[in-house]
Structure formats: structure tokens, C-alpha cells
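One structure below.
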Amino acid sequence: MRTPSHRPERLAELIRHTVAGFLTGDVRDPRIGFVTVTGVEVTADLSHATISVSVMGTDEEKAKSLEGLGSAAGFLRSALSRDLRLRTSPELHFRLDRGQEHAQRIDRVLKELKETDD
């Protein structure tokens, strides 16, 4: 029986670092706003990577940012292949991480409840 490989986790961290670097310096697409990489999941066969991002702004701005990231996926994939010296680079998929929004909404509700108790 084979032991599970840690390669997907290592590759996910390298992808997170590389994509975050791209977003802080090399992005030229005006659709991509203030985006933060919150996590990366890589399939066991290393063929797909799902990148979770948090985007500041309205729902329309978030949709535009995801659209811009989707169109930059090919460029990012080739940059990953070149920078990480991968034989085959995983196909990149972006998804919106709403965890921060959810936490802010819970915090707001708790503050409102506390104010009504006082």
C-alpha cells in the first residue's frame, strides 16, 4: 500500500506564493481589483488547482475580478510552468472565498445584539 504523497500540498503552497506575487506586481488587467489569495487546493494527480481568492468591492467588482483572473489563467499557468520547472502545469480555476464577508457579517450581528442588550 502506498503512503500518501505530500506533493499536492507543497505544490499548492508554491502556486499560492507565485499567484500572490503576480497579483501584487505583474497584473495589468484593469478588471482585477484588490485580490488576496486565501488558499489553493491541488488535485492528487496535480492536473487541476483551485485558487480561492478574496476580493474587496461590490458584487459587480468581484465578478469582474474573477472574469479577469479567468482570462489571466493561461498566462499564470505558463508562468508557473516556467518558474516552478514543472513537466505539466495544473489547469487553474479561481473561486470566490466569502469567508471574510461571512465573518464580518457575524461580527456586525453580534455588535447589534450587544447594543440592543445595553
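Full extension of the segment from Arg108 to Arg10, taken as 0.36 nm per residue of separation minus the current Cα-Cα distance, would add 31.6 nm.
I need the P(r) histogram for the chain: all alpha carbon pairs, bin width 10 Å from 0 out to the longest distance, whole percents. Once binned at 10 Å, the Cα pair distances of the chain give 13, 39, 26, 14, 7, 2, 0. For trypsin sites (Lys or Arg not before Pro), the sites in segment 67-118 that DSSP calls loop and that have at most 10 other Cβ atoms within 10 Å are Arg85, Arg87.
The calculated 222 nm mean residue ellipticity attributable to helices in the chain amounts to -17500 deg cm²/dmol, summing -39500 (n - 2.57) over DSSP H runs of n ≥ 4 and dividing by all residues. When only alpha carbons are used to place a centre, segment 35-58 and segment 59-83 end up 11 Å from one another.
For segment 7-117, DSSP calls about 55 percent of its internal beta bridges antiparallel.
For the chain, hydrophobic long helices are taken as DSSP H runs at least 20 Å long by C-alpha position along their axis with mean Kyte-Doolittle hydropathy of -0.5 or more; these are 7-21, 59-84.
Coordinate-derived values only; no laboratory data. Treat the numbers as computed from the prediction; the structure is a model and nothing was measured. Glycine also receives a Cβ, built like all others from the backbone with ideal geometry; neighbour counts cover every protein chain displayed.
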